[in-house]
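> Got a structure for you, written out below as structure tokens; questions coming shortly.
The values are calculated or read from the model by the stated rules, or taken from the named source; none is laboratory data. Please read all numbers here as calculations on a predicted model, not as lab measurements. Glycine also receives a Cβ, built like all others from the backbone with ideal geometry; neighbour counts cover every protein chain displayed.
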Amino acid sequence: MTYLVIRARSDRGVTKKIKDTMMMLNLTRVNHATLVPETVTYLGMLKKSKDYVTWGEVDAETIETLLKERGRMVGDKPVDDATIKASSKYKTVAAFSKAMAAGEATMKDVDGLKPIFRLHPPRGSKGWGGIKRSYTVGGALGFRGEAISDLAGRML
């Protein structure tokens, strides 16, 4: 299983430990996203930075859309089937995204693939829904489960 993690808040006034944690997650700016595997280490990092990021379980279709629309290779080249085939053992973006969703692959398996996605702020009247409250009470922060795919769709 893979998590999509999106940074929702700035690090202004944040402790150094949480800033370092977000740097380790490759979330250096607001509206940046990354894909991380479900491991104990990453879950601890997500819980530590829960007041600044939102995350959830992502499916293969959403990963494929993210890679095709917002994924970038080194040199700011777009991601397509030819680049995935040339720089990894996977033949297509769809095959790579299925492997990532199953937890069998990571972003590091493709040589030259940048680990972040630069996203647009959430479109629609709801926007973030409040960046100072948890998702469980109507805000934008913390764990949101499979609803992360809806948010990612509004940010593409």
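> If we keep just the residues of region 115-141 that are buried (at least 19 other Cβ atoms within 10 Å of the Cβ) and at pLDDT 90 or above, which is farthest from the chain's Cα centre (by Cα)?
Taking the candidates together, the pick is Leu141.
> Given the conditions (1) β-branched (Val, Ile, Thr); (2) in contact with a Ser or Thr (Cβ under 7 Å, 6 or more places away or on another chain); (3) surrounded by fewer than 18 Cβ atoms within 10 Å (Cβ to Cβ), and given that Val110 satisfies all but one, which numbered condition is not satisfied?
(3)
> Something else now. So which helices (runs of 4 or more DSSP H) are wholly in region 1-106 and hold at least 1 residues that are under 23 Å from Leu151 (Cβ atoms), among the basic types (Lys, Arg) and without any contact (Cβ under 8 Å) to a residue 12 or more places away in the chain? Can you show your working first?
Numbers: elements: 16-24, 40-48, 60-70, 81-87, 93-102.
The qualifying helices (runs of 4 or more DSSP H) are 40-48.
> Pick from Lys16, Lys48, Lys91: which is of a type outside the set (Phe, Trp, Tyr), touching a Ser or Thr at 6+ places or on another chain (Cβ under 8 Å), surrounded by fewer than 20 Cβ atoms within 10 Å (Cβ to Cβ) and over 25 Å from Arg154 (Cα atoms)?
Lys48
> Among the residues of region 116-154, write down those that are assigned to a loop (DSSP other than H, G, I, E, B) and under 15 Å from Tyr3 (Cα atoms).
Ile116, Arg144
> If you don't mind, another one. Contact list please: Cβ distance under 9 Å, first residue in region 109-129 and of a type outside the set (Lys, Arg), second residue modelled with pLDDT under 80 and part of a loop (DSSP other than H, G, I, E, B), pairs at least six apart or on different chains.
From residues that are of a type outside the set (Lys, Arg), the pairs are Pro121/Gly127; Pro121/Trp128; Pro122/Trp128; Pro122/Gly129.
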